[in-house]
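Below: one structure, written as structure tokens.
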2 protein chains.
Amino acid sequence: MQETLEPYSGRRVLVTGGTGFIGLNLVEALSRSRASLRVLSRSWPSPSPAARRLFEKVEFVKADIRDEVAVESAVKDVEVVFNLAGRSGATVSNTSPLDDLDVNGRGQLTLLEACRKLAPLARVVFPSSRLVYRPGERLPVNEQAATGPLTIYGIHKLAAEHYHLLYRRSYDLPVVVLRVTNPYGPYQREEQNRYGIVNWFIHLALKGAQLPVYGDGGQLRDYVHVDDVVSALLLAGSCDAADGKVINIGSGEATSFLEMANTIVHHAGAGGVQSVPWPADASRVESGDFVADTSLAARLLGWQPRMRLDAGIADVIGRYRAAGPA
Amino acid sequence: MQETLEPYSGRRVLVTGGTGFIGLNLVEALSRSRASLRVLSRSWPSPSPAARRLFEKVEFVKADIRDEVAVESAVKDVEVVFNLAGRSGATVSNTSPLDDLDVNGRGQLTLLEACRKLAPLARVVFPSSRLVYRPGERLPVNEQAATGPLTIYGIHKLAAEHYHLLYRRSYDLPVVVLRVTNPYGPYQREEQNRYGIVNWFIHLALKGAQLPVYGDGGQLRDYVHVDDVVSALLLAGSCDAADGKVINIGSGEATSFLEMANTIVHHAGAGGVQSVPWPADASRVESGDFVADTSLAARLLGWQPRMRLDAGIADVIGRYRAAGPA
């Protein structure tokens, strides 16, 4: 990780959404660099002492991503923006589409407009999602595959990708879009656990509960450790070859849902796996099997996922046991 | 046209945006049917007596598409919704992205939410745009071609397409999406002429002015007469085979920009053609050559474009001369 942090030495870096799941992991990594770090988030202070310690040397801006004045002030003179603020939760997005639009649509335009006006040279790194792809594409899925999101969340992620590429084309704003698969790892807030299935299952297993597996659990997913996502974000923020590109970030490995659940129970030494029927809301947004082709990330960023699922789950269980959730 | 109107006899039909360019043409056609017609628009009364006459037998709801209460009341008990309300203008959308999002993003979700709650069996016909396609696809472009809009307007049209398909998948709301190329015809309001290049040029020529052609005018376009668009809308609103489909609507013929301008000057017997350098805002959103493959519309809707450009322009010039713009 240290060499990916080197380019940030002395640079002014903004992380929006820096108190979310990926945000806290990114802030933790950047706090080991010599970057001048600013975080914009509306969720603070955190109940977790571990998370609060991360922010001791950070300039914290408590504001909503839709707050034009606050966002303009936050981006001023910044050289890199990790544009992480937003509303998670693909299934829930379908039941509150207007809220999702407001945060994930208007919020993104507010940030990009602020960069255009006040930080036109800042590189903006935007984590999108594998949920922009149309289900049923050939595996592994590369960046040329057809898009066709099934959820409001995915629709707005795709629109935000297009916003970023438009601001680059129209205003020369440097941007990189990363399409992240299913991230898991430490610092997922308790109330957001359902948005990250692996983390939710880890918490269930540690409590000795049953992990609900829909149907036969055969659907394939690409689970990626958040440390790998963080190193991809850091590389994307400092690599000129990535400018204007859309790049998959995943493990590149297909794991069945059932295998993921069994691995968690095994490493937790607790809990169990229970087959349950597909809930209606989940089956309507089921994206089918998915595995990312990550060769473009290797070529452009020199990035490789380092943590395989078995070791990754063991790592995360160890870290949650040591520290508790953020 | 009469046979495409037959299925509307006795049906309750809502046209949102019924005072816009396509809206007025659709309302004129439907006023010859025995449909029970309701129009929602925030722009009324029109300065044009011809347009006002169209609304004598129409239930008019003066409201904004973002007004949840008004939209819910407008969709109640309706059987077909022609979802035309929105903000036109691809180039201008890039300079006011938040306004475009509010009307063309939030407005669309507001309408679909209202249908889900109060008109769950209504068929919603949504006119999207060829501007959702990625430039540089092989001509003629069919509905499987890659998307990749260059403008905020195109980004929000694409998001709205996805919204419609989502409401069908999640709530069984019947929907049809039509991707319309470059429509022209009567009833374009004077102040919106720049959003429809053919209409703008017709007005310029009739005033004896020069028609500005960017560069060599060689870029190919697919200009479609609004009467053909209206018949496609009417067929889409009454054809079960179209449910859930995305369908190109265009002339299927490639015409160079210069040829279009020359045809207008010829039929107007006035004005002239002037080559001008590409303006920066236009060149940034230039979509390259475009011609639609309309074979899916022929197969699913039994639709064919009837008006070729030469006859279409002669027709429109005659109608503008007779009536003046709406």
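Rule-based calculations on the coordinates, nothing more; no lab input. Note that the structure is predicted; figures quoted are calculated from it, not measured. As a convention, Cβ positions derive from the backbone with ideal geometry for all residues, glycine included, and neighbour counts pool all protein chains shown.
Starting from the Cα gyration tensor of segment B:278-326, take the square roots of the eigenvalues, sort them a ≥ b ≥ c, and report rounded, prolate or oblate (rounded when a/c is under 1.5, otherwise prolate if a/b is larger than b/c, else oblate). Oblate is the answer for segment B:278-326, as a/c is 1.5 or above yet b/c matches or exceeds a/b. Inter-copy label distances at B:G244, shortest first and taken from points set 7 Å along Cα to Cβ: 3.9 nm. Value of Rg to Rh for segment A:1-73, rounded to two decimals, is 0.97; Kirkwood radius and Rg both from alpha-carbon coordinates. Taking only the C-alpha atoms of segment A:1-147, Rg followed by Dmax gives 16.3, 46 Å. Of the GluC sites (Glu not before Pro) found in segment A:1-82, those in coil by DSSP whose Cβ has at most 13 other Cβ atoms within 10 Å are A:E56.
Largest mean-square fluctuation among A:L204, A:L234, A:L84, in a Gaussian network model of chain A whose springs join Cα atoms under 10 Å apart, belongs to A:L204. Which entries of A:K157/B:K245; A:K57/A:K245; B:K117/B:K245 have Cα-Cα distances beyond 26 Å here? Flagged as over cut-off: A:K57/A:K245.
When chain A is turned onto chain B, its residue with the beta carbon nearest the axis, and that distance in whole angstrom, is A:A159, 2.
Extent along the principal axes, Cα only, for segment A:147-203: 45, 24, 17 Å, with the longest axis given first. Of B:H164, B:H203, B:H266, the residue with the greatest mean-square motion in the GNM of chain B, using alpha carbon springs below 10 Å, is B:H266.
Of A:V276, A:V15, A:V39, the residue with the greatest mean-square motion in the GNM of chain A, using alpha carbon springs below 10 Å, is A:V276.
Counting only DSSP beta bridges with both residues in the protein assembly as shown, the antiparallel share comes to about 10 percent.
When the gyration tensor of the protein assembly as shown is built from Cα positions, what are the square roots of 5 times its three eigenvalues, in whole Å, from largest to smallest?
48, 28, 21
Counted over all Cα-Cα pairs of segment A:185-257, pairs farther apart than 14 Å make up 70 percent. Each other copy places its own label point for A:D67 at 3.2 nm from this one, sorted shortest first, where the point lies 7 Å along the Cα-to-beta carbon line. Run through segment A:200-282 and list the trypsin sites (Lys or Arg not before Pro) located in a DSSP loop whose Cβ has at most 12 other Cβ atoms within 10 Å. When the trypsin sites (Lys or Arg not before Pro) of segment A:200-282 are filtered for loop state and at most 12 Cβ neighbours within 10 Å, A:K207 remain. Over the Cα atoms of segment B:102-193, the radius of gyration divided by the Kirkwood radius equals 1.01; this is the Rg/Rh ratio.
With axes computed from alpha carbons, what is the tilt in degrees of helix A:309-323 against the longest principal axis of chain A, rounded to the nearest 10 within 0 to 90? The answer is roughly 80 degrees.
Here the convex hull built on the C-alpha positions of chain B has a volume of 116 cubic angstrom per residue. Relative to the longest principal axis of the Cα atoms of chain A, the long axis of helix A:226-236 makes an angle of roughly 30 degrees.
Loop-located trypsin sites (Lys or Arg not before Pro) in segment A:1-105 (DSSP state other than H, G, I, E, B) with a sparse environment of at most 12 neighbouring Cβ atoms within 10 Å: A:R32, A:R34, A:K57. How much net charge surrounds B:S238 when only other residues with a Cβ under 9 Å from its Cβ are counted (Lys, Arg +1; Asp, Glu -1)? Taking every Cβ under 9 Å from that of B:S238, the sum is 0.
When both bridge partners sit in chain B, DSSP labels roughly 10% of those beta bridges antiparallel. Each distinct pair of alpha carbons in segment A:76-132 adds a 1/r term; the inverse of their mean, the Kirkwood radius, is 12.4 Å.
Across the identical copies, the 7 Å label point of B:S283, projected outward along Cα→Cβ, sits 5.6 nm from its counterparts, in ascending order. Annotation for segment B:252-301 versus segment B:19-53: alpha-carbon center distance of 27 Å.
Taking all Cα pairs closer than 8 Å and separated by 6 or more residues, the relative contact order of chain B comes to 19 percent.
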